Amino acid sequence: MKAWKPTLVLLLAGWSSQVLAADCSVEIAGNDAMQFDKASISVPQSCKQFTIKLKHSGKMAKNIMGHNWVLTKTADMQGVASDGIAAGLDKSYVKAGDTRVIAHTKVIGGGESDTISFVPSKLKAGEAYSYFCSFPGHSGIMKGTLQLTK
Ligand code: CU
């Protein structure tokens, strides 16, 4: 058997470890001070699915200091947040059937968590995406940007 050229082997090894290392999930926490612990999230395009685990690291109840994680185009954020307030806590502050919403968790209170997944290939390269908490009054502070990466 012919030995592989070392450079080629290294290239292939580097390529495969990058693919395997693609991190297709992230944990983000909201607290009692109305803050997310991340200001941005990177989503590799190579992921078939990307999973968000939202945790509430505080102690306050969900009707007082509830948090969710809602993903939209940045341009849609304001409208989705406004309509979400009208939808109410029972609907996790997301208007039913809102097609601008790419993914969202339910609203959780202190000590709780919720996990959702979405398909990165449905996001467009070059489009600006943001995530935020749609609990009334939270989206001004509890928000971040989501980047699609290679
Ligand atoms: Cu919140």
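Please treat every number below as a calculation from the coordinates, not as lab data. As the structure is a computational prediction, the values presented were derived from the model and not from experiment. Note that we place each Cβ from the backbone using ideal geometry, even for glycine, and neighbour counts take in every protein chain shown.
Residues in the range 28-40 that are within 16 Å of the ligand (Cβ to nearest atom) and outside any loop (DSSP other than H, G, I, E, B) were compared, and the one that is surrounded by the most Cβ atoms within 10 Å (Cβ to Cβ) is GLY30. Among the residues of the range 128-150, those that are hydrophobic (A, V, I, L, M, F, W, C) and either away from the ligand (no atom under 16 Å from the Cβ) or more than 23 Å from LYS91 (Cβ to Cβ) (or both) comprise ALA128, LEU146, LEU148. Checking each residue in the range 102-127 for being away from the ligand (no atom under 16 Å from the Cβ), in a loop (DSSP other than H, G, I, E, B) and surrounded by 12 or more Cβ atoms within 10 Å (Cβ to Cβ) picks out ILE102, VAL119, LEU123. Taking first residues from the range 34-48 that are within 15 Å of VAL119 (Cβ to Cβ) and partners that are assigned to a strand (DSSP E or B) and aromatic (Phe, Trp, Tyr), the Cβ contacts under 6 Å between residues at least 6 apart in sequence or on separate chains come to VAL43/PHE50. Comparison of ILE102, ILE116 shows that the only residue that is touching a His at 6+ places or on another chain (Cβ under 9 Å) and within 23 Å of LEU148 (Cβ to Cβ) is ILE116. For GLN49, the stated conditions hold: it is within 19 Å of GLU27 (Cα to Cα) and loosely packed, with under 13 Cβ neighbours inside 10 Å.
With respect to being of a type outside the set (S, T, N, Q), within 12 Å of the ligand (Cβ to nearest atom), part of a loop (DSSP other than H, G, I, E, B) and under 22 Å from ALA29 (Cβ atoms), GLY84 falls outside the description.
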